[in-house]
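Step one of this worksheet: look at the structure below.
The values are calculated or read from the model by the stated rules, or taken from the named source; none is laboratory data. The shown structure was predicted, so the numbers you read here are calculated from the model rather than taken from an experiment. When we count neighbours, we look across all protein chains shown, and the Cβ atoms used for this are built from the backbone with ideal geometry, even at glycine. To get the accessible areas, we keep the full protein, side chains included, count just its heavy atoms, and leave off ligands, DNA and RNA. Shrake-Rupley method; radii C 1.70, N 1.55, O 1.52, S 1.80 Å.
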Amino acid sequence: MEKNYDHNASENKISASWEASGAMKADNKSKKKKFTISLPPPNVTGELHLGHAAMLAIEDIMIRFKKMTGHEVLWLPGTDHAAIATENVVLKHLGLKSREEMQRNEFLKECRKFATAKHDRIVHQIKKMGAWLDWSREAYTFDEPRNQAVNTIFKRLYDDGLISRGHRMINWSVGAQSVLSDEEVVYKEVKGALYHYKYFFVDSEEFLEVVTTRPETMFGDTAVALNPHDPRAKKLHGKKVKVPFSGREIPIILDDHVDLEFGTATLKVTPAHDPNDFEIGEKHNLEKIQVIGFDGHMETNDHVPKKFQKLSSEECRKLLTKPSEWFIKKEEHLHNVGFCYRSHTVVEPMISPQWFILVDKEFETNKPQRFLFARHGETTSTKNRVVQGESDPLNIKGKADAKKLAEFLSRNKNVTRIISSEHKRAKQTAEIIGRSLGIKIETWKEFNGADLGSVVGKKILPNKISFDMAIEAKTGETMKQIFDRVKKGWEKLKKETSEGDILVISHRSILSTLEIVRSGGDKNQVLEQRRQHESASFGYWGETTEISDKKEKTTLKKLTAEAVRSGDVKIIPKQFEKVYFHWIDNLRDWCISRQIWWGHRIPVWYDKEKNITAVGDIKTPHKDWTQDKDTLDTWFSSALWPFSTLGWPDEKAEDFQKFFPTDVLETGHDILFFWVARMIMFSKYATGKPPFHTVYLHGLVTDEHGKKMSKSAGNGIDPLEVVEKFGADAVRLSLVVGTATGQPIPLGASKISGYRNFVNKLWNAGRFVKMQTPTSKKPEPKSLADKWIASRFTKISKEIKNHLDKYEISMAGDKIYHFVWDDFCDWYIEESKKEPNPDFLYYLFNEILKLAHPLCPFITEKLWQELGNKDILIGESFPETNYVDKKAEDLFEKFQKEVIETRKAKTDKTAIEKEIKQLKKDISALEIRLKNKGYLKKAPAKLVEQTKKELKESKEKLQKLS
RNA sequence: GGGCGGUUAGCUCAGCUGGCUAGAGCGCCUGCUUGACUUGCAGGAGGCCACAGGUUCGAGUCCUGUACCGCCCACCA
């Protein structure tokens, strides 16, 4: 083995050996629990950037960890055709200003050619990062299976009346003669002007002073608006004024949109040429009058006076700002103007027919609920409203209720499993139902009853209840513990994948807690529920909760919100839930059509008379039919990604059955609503299930000072370059450790080199291990150091597993780093030199490699092979040891302290004087705390004990030193 | 304009449900080191946790306000 680890010499070989093993291919017939991630598809024509690198690192860690903890993992790769971006890149590539310079088919061919060439490059880049992807299932947003999915969902939406064609505002580029997407509009601050005009009243010599930046649109005015809080509003509302030059009469209306601070607080409303005015127009039912044509010249119609017709909008403006009886003045004004990013001409807002999705329109869902829940039947004590310590048997009415419920279920539901709490009443109810349905009942302790607040013999006042209060009669659980327990039960329940419905029988307080859990509630809600329960009589007891099987009406917007609100989809970090809801609250109809060439054509076919004749998946249309020339927007096909990649619309496809819903969606937080929210929306709509249960959002990768990386600032880092320089492991670690979820990820060479050093440290530890010669095959800890490190390994590996279970990758990485470097290398290896135990060392080091493998797969794989292991490391299970030796830990820690003390003493005798000073300070602080009566009274006893112990220790230490 | 974050050592940041005698990496200072590792080892200096109030026995942690900084969305007649 070389003295230093050479990543370039080994990474490619290791990647190749992984691929050759075929172990990346997921088995859809496996009996193991699945874990699925679909890779957010990078743009084919793009380059791999650090955001991708972070995404790949995080997802790869999740995948490897799940694989090593016994899951059938599927990490599904793919690429995105990213229509708009590709079109523009191809145009540039061909040196064209507009795609119209080429035949449509020719242009598409170029796009395809370009994308194919670029594809291999991005795939190569992805593989460089060590990503454990199942390439046998690679998908592309623009291939045939995805096209099928797009057509299918379009048809469904259309049939449900959720898709419609109507007039909407679009960005029109006069220069490019094309509709632009929002992303293609570049806003620039421009020195423009505010033009003041007189709008005379119909019935007097007086006028309203109206301010505009675009006077040429005035012929399309259909109202003048005032703010409802404007003092003039009452008087003027409903009166009429005349449009300058043309004299057309328009009403004065009131609208909140008018800013009282701006200009003269008098707004001319032009619904056909301004997006805001369009909205006001919709609200007030105003006419939309087009006065500027698609060629950028004034229209020839009755609304435009003769002398302005056919003029360009600039010429028209010049004419309008010449002195006249209407024109008042012009003043300078800075404002943002949209430009076409291709032709650099001003964007004209225009009205044109567009396809859009009605997110607020109701439709029927008939997806059956999988869980249903019921209370246990009535007992004598519940009937008599008596608080009771022991549970008593169901009374006759209770049994009858249970039978009724069973009948209802057998008629209306397909219950295949019954889960009950362990307590008598619930179990009895469950058994009655189970017998009549022929199902064996299961008991889950998570749903055990907790008679909150009713400790036998005592009464707790509702307003005195706190979340941490121990409250249940028998087990002494706190409210928090109960809440957490129920939550755990719910999480467990949600993961159940068995066919059919699951019936849960539990107790009232548990079911209402469950309601709060399901609604994503917090502790205040639990307390409130508790208080209500306390102050209410026990009158609820004994009824069984009706299970409804109604067809419900809902909207796409509601579906999307509910998935998160109910806790079916969790967003990490939580702060983004707020962002998510805010977006949904403001969600309007989603415009889905674009005039681009490189994308899914809208699957609507017209006959010659332009009557719609067919919608959806038409494979062999009649040759006289024409397809709608608009294209679906980019996010439309991306929104289907989590299921279109698994065989949907064929819901019986083996992949779909086994791997859907996916588990985690990991992506940058900036596309939370562009993409994530839309996936949730469409998945809930198309499959009835959310597409994933966890959304993990990583932050923006910035330079080491937290600045955005950009070409112009020259602070960009090319991932492949740093991989070459420091190794993929180092790059992965630096993107993942020392970061907080959702926060920016600062990255610089010094950070990466730090983790390169760590990788090298691991390499050298391996070198040391290899120099030892194992004798027997019994890896038993013998020395104190052996026992200490073994015990510590158990603790640390448990912690790391916990962190990774919760997707706390940074924490896990930090712990591995310090365990390997501080505990294993600096202490254990050094100590083991005195009392070598090669067998144990070999064993332990192998375990460490497994532990570290998800985070740094290359170096661990390389060392694994160096140590003579044949199979690939990912096939091993994640370490799970239970060796614990508390005594050894304490002893060794004491030893460590002593060593450190003597080292200190060696270097400097003054670093002692300081310590005495510090100790004295500490002692007085501790003494003050212990003298505080409030502290002694109110602080937990454990803590007081600890303080006392600390004081004693500090005093002893002080004595020793002086 | 709407929304969401951040403000802790020279730099970049951790610090979960309040118990901290405030941590990490890098940088800095002083030594050491030819058997795993100079991509190393040992030790050290360095913080009124943005500011002002409040709740509490106890606040970096919770609440209110102020001031900066950042991000996302919308786009101003």
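Assorted remarks:
- One residue from A:S797, A:S791 being more than 30 Å from the chain's Cα centre (by Cα), more than 10 Å from RNA strand B (Cβ to nearest atom) and of a type in the set (G, A, S): A:S791
- Options A:Q918, A:Q959; residue that is open to solvent by 60 Å² or more (accessible area, probe 1.4 Å) and within 8 Å of RNA strand B (Cβ to nearest atom): A:Q918
- Within the range A:584-616, the set of residues being small (G, A, S) and more than 27 Å from A:T79 (Cα to Cα) comprises A:A614 only.
- Of all the numbered requirements in (1) within 15 Å of RNA strand B (Cβ to nearest atom); (2) under 21 Å from A:N760 (Cβ atoms); (3) surrounded by fewer than 22 Cβ atoms within 10 Å (Cβ to Cβ); (4) under 35 Å from the mean Cα position of the chain (by Cα), A:E830 misses one, and that requirement is (4).
- Sole residue being open to solvent by 10 Å² or more (accessible area, probe 1.4 Å), basic (K, R) and either within 16 Å of RNA strand B (Cβ to nearest atom) or at pLDDT 90 or above (or both), chosen from A:K629, A:K707: A:K707
- Exclusive hit being outside any helix (DSSP H, G or I), open to solvent by less than 70 Å² (accessible area, probe 1.4 Å) and over 19 Å from A:I37 (Cα atoms), set A:F142, A:F154: A:F142
- Scanning the range A:87-100 for residues that are surrounded by 12 or more Cβ atoms within 10 Å (Cβ to Cβ) and either touching a residue at least 60 places away in the same chain (Cβ under 8 Å) or assigned to a helix (DSSP H, G or I) (or both) yields A:E87, A:N88, A:V89, A:V90, A:L91, A:H93, A:L94, A:K97, A:S98, A:R99, A:E100.
- Qualifying positions in the range A:235-289 - assigned to a strand (DSSP E or B) and surrounded by 14 or more Cβ atoms within 10 Å (Cβ to Cβ): A:K240, A:V241, A:K242, A:I250, A:P251, A:I252, A:I253, A:L254, A:T266, A:L267, A:K268, A:V269
- Just one of the numbered conditions (1) modelled with pLDDT of 90 or more; (2) on the phi > 0 side of the Ramachandran plot is not true of A:D134: (2).
- Hits in the range A:725-748 - residues which are within 9 Å of RNA strand B (Cβ to nearest atom), of a type in the set (A, V, I, L, M) and either over 20 Å from the mean Cα position of the chain (by Cα) or part of a helix (DSSP H, G or I) (or both): A:A730, A:L747
- The set of residues in the range A:577-591 being assigned to a strand (DSSP E or B) and open to solvent by 30 Å² or more (accessible area, probe 1.4 Å) consists of A:C591 alone.
- Any chance A:V899 is among the β-branched types (V, I, T) and near RNA strand B (Cβ under 8 Å from one of its atoms): yes
- Condition check for A:I596 on (1) without any contact (Cβ under 8 Å) to a residue 60 or more places away in the chain; (2) closer than 24 Å to A:Q103 by Cβ: one failure, at (1).
- Residue in the range A:923-937 that is open to solvent by 90 Å² or more (accessible area, probe 1.4 Å), in a helix (DSSP H, G or I) and at pLDDT below 80 present: no
- Test: residue in the range A:856-863 that is more than 16 Å from RNA strand B (Cβ to nearest atom) and either in a helix (DSSP H, G or I) or crowded, with 17+ Cβ neighbours inside 10 Å (or both): yes
- The helices (runs of 4 or more DSSP H) found wholly in the range A:592-700 and carrying at least 2 residues that are out of contact with any strand residue (DSSP E or B) (no Cβ under 8 Å at 6 or more places or on another chain) occupy A:634-638, A:654-659, A:677-687.
- Count of the range A:201-212 residues which are surrounded by 15 or more Cβ atoms within 10 Å (Cβ to Cβ) and within 11 Å of RNA strand B (Cβ to nearest atom): 3
- Members of the range A:701-715 that are assigned to a loop (DSSP other than H, G, I, E, B) and either polar (S, T, N, Q) or touching a residue at least 24 places away in the same chain (Cβ under 8 Å) (or both): A:E704, A:H705, A:G706, A:M709, A:S710, A:S712, A:N715
- Filter pass, A:D871 being within 12 Å of RNA strand B (Cβ to nearest atom) and not aromatic (F, W, Y): no
- Residue match in the range A:345-359 (condition: of a type outside the set (S, T, N, Q), over 27 Å from A:L587 (Cα atoms) and touching a residue at least 12 places away in the same chain (Cβ under 8 Å)): yes
- No other residue among A:A16, A:A23 is part of a helix (DSSP H, G or I) and out of contact with any Leu (no Cβ under 7 Å at 6 or more places or on another chain) apart from A:A16.
- Of the residues examined, A:K198 is one that is surrounded by fewer than 21 Cβ atoms within 10 Å (Cβ to Cβ), more than 12 Å from RNA strand B (Cβ to nearest atom) and more than 27 Å from A:D630 (Cα to Cα).
- A:V304 vs. criteria at pLDDT below 90 and either surrounded by 13 or more Cβ atoms within 10 Å (Cβ to Cβ) or in contact with a Cys (Cβ under 8 Å, 6 or more places away or on another chain) (or both): no
- Hits in the range A:749-761 (condition: open to solvent by 50 Å² or more (accessible area, probe 1.4 Å) and either polar (S, T, N, Q) or more than 8 Å from RNA strand B (Cβ to nearest atom) (or both)): A:A749, A:S750, A:N757
- Annotation for the range A:840-853: no member residue is open to solvent by 30 Å² or more (accessible area, probe 1.4 Å), more than 13 Å from RNA strand B (Cβ to nearest atom) and under 30 Å from A:K570 (Cα atoms).
- Cross-chain or 6+ apart pairs with Cβ under 7 Å, the range A:734-746 first and without any contact (Cβ under 8 Å) to a residue 24 or more places away in the chain, then near RNA strand B (Cβ under 9 Å from one of its atoms) and charged (D, E, K, R): A:S734/A:K751
- Residue within the range A:771-785 that is in contact (Cβ under 8 Å) with a residue 24 or more places away in the chain and within 10 Å of RNA strand B (Cβ to nearest atom) present: yes
- Filtering the range A:762-784 to residues that are surrounded by fewer than 19 Cβ atoms within 10 Å (Cβ to Cβ) and in a helix (DSSP H, G or I) leaves A:N764, A:R767, A:F768, A:K770, A:M771, A:L784.
- Candidate set: the range A:394-418, residues that are surrounded by fewer than 16 Cβ atoms within 10 Å (Cβ to Cβ) and among the polar types (S, T, N, Q); chosen: the one nearest to A:G377 (Cα to Cα): A:S410
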